[in-house]
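Below is one structure, written out as structure tokens; comments come after it.
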Amino acid sequence: MAGREDGPELRLKYSRAVNLSEVESKRDPENEPYRSKYAARELLKELKAGQRAPADEERDADADGLWLQRLGVLELQLGLNHAETEELSAGEEHLAKCVRVLEAFKLCPETVSVFIQAENQLGILWAGLEEMEKAKTYLEDAEALYNQYTKEIGTPPWDTHEHFLAEEERLSEQERQKRFEKVYTHTLYYLAQVYKHLDMIEKAAWYCHTTLQRQLQFTHYNPVEWAINAATLSQYYITEKRYMEGRLCLAASNVIFNQAGAVSSESAAEESEEERDRRDQLQQKKAEIARCWIKYCLNLLQDSRKLLENDIGELDWDRQEELKCQLKKEEEEQEQGRKSAVLFGSSDTFDLIQSVEEKVSCTYAADFARARAVFLVGQSYVQEAKEFFQLDDHVTDHIEVVQDHSSLFKALAFFEENLERRCKMHKRRVDMLNAVYTELNPQYYLLVCRQLQFEMGDTFYEMMELKVSIANQLDELDSHNVKKINLLAQSAIAHYTLFLDSLRDPERRFPATLEGDVLRPALVAKFRVGWLHGKVITSEPQQQLDNLQLSLDCYSFVADYCAGHPEAATAMEPELELCVEMAALLPTRMQALRSKMAAFNE
């Protein structure tokens, strides 16, 4: 079969069809987007019509195999053609016929790659039609065939187009193997997508990771696309608390992204529109990768806090010592484990990736120094993200970056032992959140405004609690501290009230039923407002009574709402018990205060 020569006309027609489909189609006008594809189809149909079984006197195994294998290639190309012109039913028909025709030859070096490509394309086609189980079957078959062929045969297989090339034009074994590995990499990539759609998340992550590694190994990738995919994969590892793998993905993302060229922040006067678009796209992708780094640092600090805090959200000293000992042991084990992990890169990029990794820890922060080191890395990426996601052009993205910056400060504050410095960190949060809040029109950005109102209320609440703790350490509470505590309490109340008022309808009525997304925030805000009114310091009995009444109103609202809405009682489980208790106690306390006031006035 290998020595049989073919007519030049046959080879020329096939070559012309491939060129039309893969090259000239990119230049088709908008009003005829498939002109070249249709022309290629006609040539492929002519080639298929010319494929005939050999005459009886010419028949042998090689001759039979040759025409069937070529027929399979043409069915694959026709299937691709119809799929690319959005004629999916016809595309599926040709691809399925390719699989049927080549079934007997699927382990042959001449056709194994063609067979796998047909199954890949059937997988893509059915996935596009939301038939994920069917797509999975085809792609898993393709994966199994690659593994079987590699184990049992191993010869570098033919590329698809070689069936229509002259003997002297055929590829080297090295090039054949490279193209075969590319086909299999596509199989893994598509499997990753299908597993993700089927919520087989862990499996999807593994296939995605392996795909990225193979793309680097066989130097077949677009640097920007590869970097974004690696950064996206890091977010899965972060949610699974696998920070070593998450950091690896992000470090590799930085290194590979830089292969796309430098991102200039200034446009040159002579820059063409195409160059400007490319620069803007690069800046945006760089900012998106920076946001993934921010999430890495933020989640690492927040997870560290969860390991160290006690029942009231403060640092547990015993746990801190245990964690320090545990981390020292884990760091040694992790370095060993890293050597057996699926690493990214070749000899050219490995050291570069490792140097980026070394700039930030992948182990939990057990003290302020380690937490601050992670915070500073996160903060540097905040500035990088904000260079592109500016408030004027990217309102929602800019605000999300600012909120993450605020959350980084909040996470770091937990590790700060000095209460005054901790308070200053929260003040930074208020300043940055208020700076964007004052620029927004609630009519257009209602949901974002609500988030900021609630978060600022929370931040003022934390600052007030800190000032109370500081005041409790003093021998005597002076007027300056009283004023500061009251001001912070009133600021928290004001922002919680703004949030609650935003839930009212045009007639200023509060909703009888709170929607799921605001259920807990609204009830927490009511609870906090009640708590804060009780914390306001005043020597005026009437003011004290008024504050107690406001507290009672808030506690009663939460208790009554939860009594009538079981889902609310579940959501407010930590706070509900205190609300019920205070709603029962406060009337007695208020009556005692009224009696005292009456006795004083007599």
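The values are calculated or read from the model by the stated rules, or taken from the named source; none is laboratory data. Values in this document were obtained by computation on a predicted structure and should not be read as measured data. Glycine also receives a Cβ, built like all others from the backbone with ideal geometry; neighbour counts cover every protein chain displayed. Just the protein is used for accessible areas: all its heavy atoms, side chains included, with ligands, DNA and RNA removed. Shrake-Rupley method; radii C 1.70, N 1.55, O 1.52, S 1.80 Å.
How large is log10 I(q)/I(0) at q = 0.06, 0.11 Å⁻¹ when the Debye formula is applied to the Cα atoms of the chain, each weighted equally and without solvent? The Cα Debye sum returns log10 ratios of -0.50, -1.14. Using θ = phi - 60° in the Karplus curve 6.51 cos²θ - 1.76 cosθ + 1.60, the 3J(HN,Hα) couplings for the range 9-15 round to 5, 4, 5, 5, 5, 5, 4 Hz; x is entered for Gly and Pro. What shape does the range 375-478 take by its C-alpha gyration tensor, where a ≥ b ≥ c are the square roots of the eigenvalues and a/c under 1.5 counts as rounded, a/b above b/c as prolate, and the rest as oblate? Oblate is the answer for the range 375-478, as a/c is 1.5 or above yet b/c matches or exceeds a/b.
Average accessible surface for the range 484-550: 49 Å² per residue, computed with a 1.4 Å probe over protein heavy atoms with every protein chain in place. Split the accessible area of the range 13-155 by element, probe 1.4 Å, and carbon with sulfur accounts for 48%. Peptide packing for 374-384, 429-439 was compared via the average number of neighbouring C-beta atoms within 10 Å per residue; ordered from the highest value, the list is 374-384, 429-439. Across the range 582-594, coupling constants 3J(HN,Hα) worked out from phi with the 6.51/-1.76/1.60 Karplus curve, θ = phi - 60°, read 5, 4, 7, 7, 4, x, 5, 5, 5, 5, 4, 5, 4 Hz, and Gly and Pro carry x. The overall shape of the range 56-157, judged from the alpha-carbon gyration tensor, is oblate: a/c is not under 1.5, and a/b is no greater than b/c. Farthest towards the positive end of the charge dipole of the chain, among the residues 51, 354, 436, is the Cα of 436, using unit charges on the Cβ of Lys, Arg, Asp and Glu.
Share of Cα-Cα pairs in the range 141-291 beyond 23 Å, in percent? Result: 52 percent of Cα pairs exceed 23 Å.
With 20 Å as the limit on Cα-Cα distance, the pairs of 13/45; 285/386; 13/48; 241/306; 37/106 that go past it are 37/106.
When the solvent-accessible area of the range 174-269 is split by element, carbon and sulfur atoms take up 47 percent of it, the probe being 1.4 Å. Our note on the geometry: Cα centres of the range 63-140 and the range 389-445, 53 Å apart.
Along the range 416-431 the Karplus relation, 6.51 cos²θ - 1.76 cosθ + 1.60 evaluated at θ = phi - 60°, assigns HN-Hα couplings of 7, 7, 7, 5, 5, 5, 5, 4, 5, 5, 5, 5, 4, 4, 4, 4 Hz to successive residues, with x for each Gly and Pro. Packing, taken as the mean count of other beta carbons within 10 Å per residue, orders the peptides 93-106, 288-301 from highest to lowest as 288-301, 93-106.
Highest-first packing order for the peptide set 579-592, 451-464, 512-525 is 451-464, 512-525, 579-592, based on the mean count of other beta carbon atoms within 10 Å. Given axes a ≥ b ≥ c from the Cα gyration tensor, I'd like to know whether the range 426-562 is rounded (a/c under 1.5), prolate (a/b larger than b/c) or oblate. Oblate, because a/c is 1.5 or more while a/b does not exceed b/c.
Accessible area per residue for the range 9-156, computed on protein heavy atoms with a 1.4 Å probe, is 50 Å².
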